[in-house]
Each structure stands twice: as structure tokens, then as C-alpha cells.
Amino acid sequence: MLGQIINFKRLGDERGGLVAVEAERSVPFEIQRVYYIFGTKEGVERGFHAHKELRQVAVAISGSCEMILDDAALVETVALDAPDKGILIEPGIWHYMRNFSADCVLLVFADAHYDESDYIRSYEEFKGLGK
Ligand code: T46
């Protein structure tokens, strides 16, 4: 597996669902940033980069999408389709997202603040790094 699945504990009861995410417990790092992707238009695919150092965990807390992970040798598709199912995206993994449902809210926990210089946005450059 290129991306480790993280199953968050469901703490919900008869009133409804609840998931708690704790740094260094439910995700394997100290969380420095949280962002979310929502209202993605039909047919849109986004991502298409790898990170040099950033570690992230993504979870579709509403709706669903697919996360495609690629290490330049293997390609893997992971369905993010439950609010208690996360995927750990390690550095050096090319990834993109597709098939967003209209109600998809993709929540991402990251171990560093935003830094554009951490992105590899060229697939050719990414493939070259593995050689
Ligand atoms: C990733 C996938 C899963 C910021 O200014 N701060 C931020 O924290 C983020 C995430 C983005 N931005 C800016 C950078 C761009 O101008 O927001 C704009 C859209 O970001 P981007 O095109 O990188 O979005 P995605 O969906 O292609 O990728 C995002 C994350 O950037 C990326 O780290 O792994 O989601």
C-alpha cells in the first residue's frame, strides 16, 4: 500500500456521529495546518503534485472522492467515502483527487504550514527524482 489507511474511532451514539482527531495519536504527527476542499465542480480533478517533506492525512468528512497515489512504480486508488476513514499521504508520493461527489468535503491535516517550495508540480521532475 502506498498510502496507509487510518481508521478513526467513531464516538457517535444515538444522537449521531462524532470523530475526534488528536495530534500524534489518531494522526502520526503534530498537526500544524488544517484545510478543506469543498464545492468541487463535477468532473474536476485536482492535486497532481508530490510533496518533498510534508506529511498529510486526508478524510472525506462528507460525501466521497478518490485519491490516486503514485510512487512512479505503482499506482493505487483509494476511495475516501466515510468520515472515519483517512489516508496518510507521505512525502514523495504523487497524488491527485477525482470523482468528487457534490457534497464532498475533503478535510486534510498537515504537519507543516503552507510552503509552495515543498511542492513538486511537474510529473517529469517527480519521475526523475526516483532514478
Ligand atoms: C495536497 C492536496 C491533497 C494555500 O495558500 N494554503 C494552503 O494551505 C493550501 C492547501 C493551498 N493554498 C493555495 C495554493 C493555491 O494557490 O490555494 C490554492 C489552491 O491549492 P492547490 O492548487 O495546491 O490545491 P490542490 O487541491 O491541488 O492540492 C491541495 C494541497 O495544496 C496539497 O498540498 O496534497 O490538496
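The values are calculated or read from the model by the stated rules, or taken from the named source; none is laboratory data. A quick note: this is a predicted structure, and the numbers were derived from the prediction, not measured. So basically every Cβ, Gly included, is an ideal-geometry build from the backbone, and we count neighbours across all protein chains shown. The accessibility values were calculated without ligands, DNA or RNA, using every heavy atom of the protein model including side chains. Shrake-Rupley method; radii C 1.70, N 1.55, O 1.52, S 1.80 Å.
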_Around residue 29, under 12 Å between beta carbons, what's the net of Lys plus Arg minus Asp minus Glu among the other residues?_
-3
*asked:* Tell me the net charge near residue 53. Cut-off is 12 Å between Cβ atoms, residue 53 excluded, with +1 for each Lys or Arg and -1 for each Asp or Glu.
replied: -2
_Please list 3J(HN,Hα) in residue order for region 113-120, calculated via the Karplus relation 6.51 cos²θ - 1.76 cosθ + 1.60 where θ = phi - 60°; whole Hz, with x for glycine and proline._
5, 5, 8, 4, 6, 7, 8, 10
*Suppose R0 equals 30 Å; then what is the FRET efficiency for residue 23 and residue 74 from their Cβ-Cβ distance, rounded to the nearest 0.05?*
0.55
*How large, in percent, is the carbon and sulfur part of the accessible surface of the chain at a probe radius of 1.4 Å?*
49 percent
